[in-house]
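This report refers to the structure that appears directly beneath it.
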Amino acid sequence: MSIAREGWPYVIALLVLGSFSLVLRFYWLGGVFVALAVFTCFFFRDPERVAPPGARLVLSPADGKVVVVGPAPEANPLGPGAQQISIFLSVFDVHVNRAPIAGRIAKVDYHKGAFLPAFDDKASLRNEQNAVTLEEGSRRLVFKQIAGLIARRIVFRKQVGDQVAAGERVGMIKFGSRADVFLPPEATIRVRKGDRVSAGTSVLGEYPR
């Protein structure tokens, strides 16, 4: 299984520290660094995914547990009537984010903020976050990468104007996080609170014909 490129600096640094510790005969410390390097490889794993066919499908941008399904708050990026799906990522989930639909990146808004626990609903408004607007014809969708209690860096690899395919890798959030998806009122939700979803393969919703 491949490792996301964002993880290699951490893995290499831990292995170097582990090697020095072993050379200096601090065997227990060396073992700790090697164990941390192995866990870091696990955390930054980047498995291959095949998106299901269907231009009307809305795919999950993240692995994790669905913690919110319902009407979006008034201050949401799609305006009145929008629907919200929120996904909580634990440190054991794959943290690579994928595009929920095919389309053009119309807008990217990054905001610094607090670092509340990602499962807290207030995290959607107050935490460090990156909001991405995707457009394809008349269809419009916004998804947010939201930092959690431990995460301190959001990675987004694309730029405004880029075209992305549904399920394509677009970035990641490091060390525990949350992803919010905002859909227009006419979209049909296909998940429930408590469901487990996988980025790029699980269907969150569907646009009408």
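Coordinate-derived values only; no laboratory data. Worth saying up front: this structure is predicted, and the values here are computed from it rather than measured. Note: ideal-geometry Cβ built from the backbone for every residue, glycine included; neighbour counts use all protein chains shown.
Between residue 28 and residue 135, what is the label-to-label distance in nm when each label sits 7 Å out along the Cα-to-Cβ direction?
6.1 nm
Suppose every K and R has +1 on its Cβ and every D and E has -1 on its Cβ; what is the size of the dipole of the chain about the Cα centre, in Debye to the nearest 20?
160 debye
Once each part is reduced to its C-alpha centroid, what is the distance from segment 1-43 to segment 172-209 in angstrom?
34 Å
Which of 70, 131, 182 sits farthest toward the positive end of the charge dipole of the chain, with +1 on the Cβ of Lys and Arg and -1 on the Cβ of Asp and Glu?
131
Angle check, please: helix 27-43 long axis (alpha carbons) against the longest principal axis of the chain (alpha carbons), in degrees 0 to 90, nearest 10.
Helix 27-43 sits roughly 20 degrees off the main axis of the chain.
For 174, 112, 144, 158, what's the fewest-to-most ordering of other Cβ within 10 Å of each Cβ?
The fewest-first ordering by Cβ neighbours comes to 112, 158, 174, 144.
Taking the chain as a Gaussian network, where each spring joins two C-alpha atoms under 10 Å apart, which residue of 145, 163, 84 fluctuates the most?
Of 145, 163, 84, the most mobile in the Gaussian network model is 163.
Considering the dipole of the chain built from charges on the beta carbon (Lys and Arg +1, Asp and Glu -1) around the Cα centre, which of 58, 18, 87 is farthest to its positive end?
Farthest towards the positive end: 18.
Express in % the proportion of alpha carbon pairs of the chain at distances exceeding 30 Å.
Looking at the chain, the distances longer than 30 Å represent 23 percent of pairs.
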